[in-house]
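Step one of this worksheet: look at the structure below.
The values are calculated or read from the model by the stated rules, or taken from the named source; none is laboratory data. Since this is a predicted model, take the numbers as computed values, not measurements. Virtual Cβ from ideal backbone geometry, glycine too; neighbours counted across all protein chains shown. All accessible areas refer to the heavy atoms of the entire protein, side chains included, with ligands and DNA or RNA removed. Shrake-Rupley method; radii C 1.70, N 1.55, O 1.52, S 1.80 Å.
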Amino acid sequence: MLIYRGSTGFCAGVRNAVDTALAHKKDRVIYTLGNLIHNDCVIKSLEAVGVFAVFDVNSLNAKDTVVISSHGAPKKTVERLIEKGVKVIDATCPFVKKIHERVEKDCADGYGVVIIGDREHTEVKGIAGWCQDAQIITDEKEMDFSFSDKFSIVCQTTFDLDKYREIKKNIQLLATKLYKIVVFYDSICYTTVERQKEAVLLSSMSDAVLVLGDKSSSNTNKLVQIAKKKCNFVYLISNVSDLKSVQIQNISKLGLLSGASTPTELITEVINTMIETNNDTVIIEDVKESEALTQVEEQKTEVKKEKKEMSMKDAMKKYAPRQYREGMRLKGRVVSADNTGILVALDNAGKNDTGFIDKDEAEMEGAYSPENYKPDMELDVIIIPKGNDKNNKSINLSKKAYDALKVDDERVKGILAGDEFELSCTQEVKGGLLGKIGTYTVFVPASQIRMGFVQNLSEYLNKPLRLKALPPKDEPEESEDESKRPRNPKRIVASQRIVLEEEKAQREEDFWNSIPEGSVVSGKVKRFATFGAFVSLKYMDALVHNSELSWSRKKINSPDEVLTINTTYDFQVLSVDRENGKISLGYKQLQPKPEEIAMTKYPVGTITKGKVVRLVKFGAFVELEPGIDGLVHISQINHGWIKSANEALKVDDEVEVKVMGIENDRITLSIKELLPEEEVAQAPMFDINLGTDEEKPSRISQFNKRMEGQDRNDKRDRRKFRNEDGDEPREYISSSSVVTLADLFKQNEKIDD
Ligand code: SF4
């Protein structure tokens, strides 16, 4: 046979009462007011050591010692005992004591007190004795609602939990219909709840159930009733002799329950008897071991949660309602609503009070309308300060503030997930700034306010900061420095610096992606150097070299010849070196080329004026206008022969020229074309004195030789130039020169450099 054993032994309240009585007994007789516990065996044992029960206060004399049992006693009874001079030792169970306090207070506050329980039970009589005109009911039909407009409803500590829930629900419905206020104090004690759940579980999985306890014990009888709902063979065993009625041999799985006032001795005795009767008996204290549990897994888990024995102190702490305080969040139900606000029944771990939501504290948005708050509607509320009215005894509530906190909670959830948020900090502390999001504190360390050092923290107070939460750090040690304090769930450490750094990195990425080579960018000229100009492209500076400023043959000595500081121009991106952070720009690339202007402005055949800007061995460069110049080859300077252009021209001379050709970026000009023919005839190319007629042939012969020599030199030069640039097309060779125009321009550039 398998025995599934539930919780056994005295509950904490009974254990306390018995121990108290024995501790005070010493060498003299002491009394208990009524039976200390509902168990005949224990009572007999107590009597054997000199602890006797008395049922009439009058039978006690001054200086007698009386122990009040765990069930408690009416207030008047206790007062009478004290008046008589009887020494009263109060062993009322703290759970029961709480009910006394509750009904006493609520009664004083004008509530009609209702006790759900057995009117004949000592505990119920005791509770009723701490208030006036208490109604004692066993179901909702017995309740008289005409008695009051508001009711405080408590329950016997050992009442059937399911039955209580049913009654509570029905009373709430009735109260709603009748517009009555009902507040419940869920006062069934944890031992009762635990053992009743075990009764459900063990009776579900057993062939038979033994409930050990006294017939007069309320909680033992409840266990019997509960077990009978699931099992056909349930036996109340008050002593070992009761086992005779049990057909132990026919049972393979036995559930063993015991009431809160059943001594462990009885349990041991019963188990030993069964072992003697059935050799195969196995005791399973941990019902987890049973395969039968699979059917009732859910119930088992629930019971297991509370199975662990608690000290009375722990139990009181666990089950006691929390103290009301400002900022406490509670659930409540609407009792009624009118134009002034909403009356709410609060649920605080079974302690039912009412609170009031002023109409201004109801809605976050929109106008308050009492019609929107129907009786029994569930509300989330928060306790807010009472204000200046010292007589205000009610609990002031706010739904609006709760809703706002919920919004804040959602916001903080997003923030902790990495969302950026804006906040103005309002307090300067050591190491940074503090701000608030609802009930959350946000700390911004000084080092996280900006990318650089923050000299004066107060400059950032009350100004919106763009922030992101920093990941939590393990900093368990307390520190004066806010930044080093351990993180608590209501504290967020945030940084504006990471927002700025992320943006900078993104800007940098966008910038580099926006300037591919060949693209056109706009930039402001910031400063000049001898070799070029620095241009600001917002994110960084770029360089325009002098050589990239103008198409002109004239050498650019300083960028201010083309650009002006603080002026914005368009530039072409020539090269990008992201690794070294260098960008080269060109300005001239976006300007029309000289030959393009010349094509329209100075077509071939145009006669115009220009200024000699440079003299070279093979001719002169004449500027038609800034940026546009052409070459007058030495052979095109005049009709005669000159050795060098400076024989006929000098820099800055203004000359009239004819455009002879525009090809391949080159403009060729001629002065000679515009010189009159007669000048050709008259103008001697060379100042040669041919002498007398007789001397003329020899002089001509000498001249011819000189010309031949010159011609040889020219041929040598021609060979030399053509060797350097053998691909030069013939048509670009001047008709009067063996040097190509390209050669001449190249040579000019070499000279310029
Ligand atoms: S059953 Fe509960 S209320 Fe009653 S004495 Fe035990 S612990 Fe206290």
Original post:
How much accessible area per residue does segment 514-590 have, in Å², with a 1.4 Å probe?
Top reply: 54 Å²
Subject >> Net length gained if the chain between Leu22 and Ser245 were fully extended (0.36 nm per residue, minus Cα distance) >> reply: 76.8 nm
Subject >> Extended-chain gain in nm, criterion 0.36 nm per residue less alpha-carbon gap, Lys609 and Lys44 >> reply: 189.2 nm
Original post:
If you average over every viewing direction, what projected area does the convex hull of the Cα atoms of segment 351-446 give, in nm²?
Top reply: 9.7 nm²
**OP:** Please tell me which of these pairs span more than 30 angstrom C-alpha to C-alpha: Lys97/Lys230; Lys125/Lys399; Lys76/Lys177; Lys526/Lys554; Lys463/Lys524; Lys44/Lys253?
**Re:** Lys97/Lys230; Lys125/Lys399; Lys76/Lys177; Lys463/Lys524; Lys44/Lys253
Original post:
Sequence-distant or interchain residues sharing an amide H contact under 5 Å with Gly661, placed H: which?
Top reply: Thr668
**OP:** Using a 10 Å cut-off on Cβ atoms, rank the peptides 37-47, 590-600, 626-636 from the highest mean neighbour count down.
**Re:** 626-636, 37-47, 590-600
Original post:
Under a point spin-label approximation (7 Å from Cα along Cα-to-Cβ), what is the Lys526-Ile82 distance to one decimal in nm?
Top reply: 8.8 nm
Original post:
Among all lysine pairs in segment 579-644 that are eight or more places apart or on different chains, how many have alpha carbons less than 17 angstrom apart?
Top reply: 4
Subject >> Computed FRET value (nearest 0.05) for Glu459 with Leu416, which takes r as the C-beta separation and R₀ as 22 Å >> reply: 0.20
Original post:
Ignoring ligands and nucleic acids, what accessible area does Arg325 show with a 1.4 Å probe (Å², nearest 10)?
Top reply: 130 Å²
Original post:
Sorted by average packing, counted as other Cβ atoms within 10 angstrom per residue and highest first, what order do 53-61, 209-217, 270-278 take?
Top reply: 209-217, 270-278, 53-61
Original post:
How far is it, in nm, from the label point at Arg491 to the one at Ser536 when both lie 7 Å from their Cα along the line to the Cβ?
Top reply: 4.3 nm
Subject >> Cα-projected label distance for Val429 with Lys374, points at 7 Å along beta-carbon direction, nm >> reply: 4.7 nm
Subject >> Bins of 10 Å, starting at 0 and running to the largest distance - Cα pair percent for segment 514-590 >> reply: 21, 57, 21, 1
**OP:** Show me 605-614, 68-77 ranked by packing, highest mean number of other Cβ atoms within 10 Å first.
**Re:** 68-77, 605-614
Original post:
So, counting K/R as plus one and D/E as minus one, what does the shell of residues with Cβ under 9 Å around Ser206 add up to?
Top reply: +1
Original post:
What's the FRET efficiency of Glu579 with Lys386 using the Cβ-Cβ distance as r and R₀ = 60 Å, to the nearest 0.05?
Top reply: 0.30
**OP:** Using a Förster distance of 56 angstrom, determine the FRET efficiency expected from the C-beta separation of Val29 and Thr439, and round it to 0.05.
**Re:** 0.40
